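> So that we are looking at the same thing, I have put the structure below in structure tokens.
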Amino acid sequence: MSGASPAWIGVDVADGHMHLWVHDPRGDVLAQADGPVAALPAEDGFVAALTDLLSPYLSDQQPLPVIVAGLPALPASSLRPAPAEPLGGVLSLEVDDPRLELRAVPGL
């Protein structure tokens, strides 16, 4: 990673793997990484795997926004048939790590 600090991270989860893009405040990609989704209960396994993959980018100074698409175990109310009506924003998810602001983009 370059000397710039990450402003937010985008994550795509599919087929048991996740790919993340680390963005600076202008939206430029600073780094990319891939990793498996842990074989633990869906939400716990995902958060543990995500935290491991994000550890080089996390800071105790302020939480880092992480926007996830394809998150396993989203509530059924977040899913939309195509064509989709907007949900009204992203879903904020509770995580125990204060370094993360985990938000999910609902699937279709």
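The values are calculated or read from the model by the stated rules, or taken from the named source; none is laboratory data. In this text, all values refer to a predicted model and were calculated from it rather than measured experimentally. As a convention, Cβ positions derive from the backbone with ideal geometry for all residues, glycine included, and neighbour counts pool all protein chains shown. These area figures cover heavy atoms from the full protein model, side chains too; ligands, DNA and RNA do not enter into them. Shrake-Rupley method; radii C 1.70, N 1.55, O 1.52, S 1.80 Å.
> Only residues that are open to solvent by less than 80 Å² (accessible area, probe 1.4 Å) and either over 15 Å from Gly70 (Cα atoms) or modelled with pLDDT under 90 (or both): list them for the stretch 20-37, please.
Val22, His23, Asp24, Gly27, Asp28, Val29, Leu30, Ala31, Ala33, Gly35, Val37, listed by residue number.
> Of everything in the stretch 42-68, what is within 16 Å of Ala14 (Cβ to Cβ), open to solvent by 40 Å² or more (accessible area, probe 1.4 Å) and modelled with pLDDT of 75 or more? Give them in sequence order. Please lay out each step first, then the result.
So the first thing to find is which residues in the stretch 42-68 are within 16 Å of Ala14 (Cβ to Cβ), and the list is 42, 45-46, 49-50, 53, 67-68.
Now restrict to residues that are open to solvent by 40 Å² or more (accessible area, probe 1.4 Å): 42, 67.
Correct list: Ile67 only.
> Let me ask something else. Looking at (1) assigned to a loop (DSSP other than H, G, I, E, B); (2) at pLDDT 65 or above, find the lone condition where Ala104 falls short.
Among (1) assigned to a loop (DSSP other than H, G, I, E, B); (2) at pLDDT 65 or above, the lone unmet condition for Ala104 is (1).
> Quick one: is Arg99 basic (Lys, Arg), at pLDDT 85 or above and within 15 Å of the chain's Cα centre (by Cα)? Explain how you work it out, then say what you get.
Numbers: basic (Lys, Arg): yes; at pLDDT 85 or above: yes; within 15 Å of the chain's Cα centre (by Cα): yes.
Yes.
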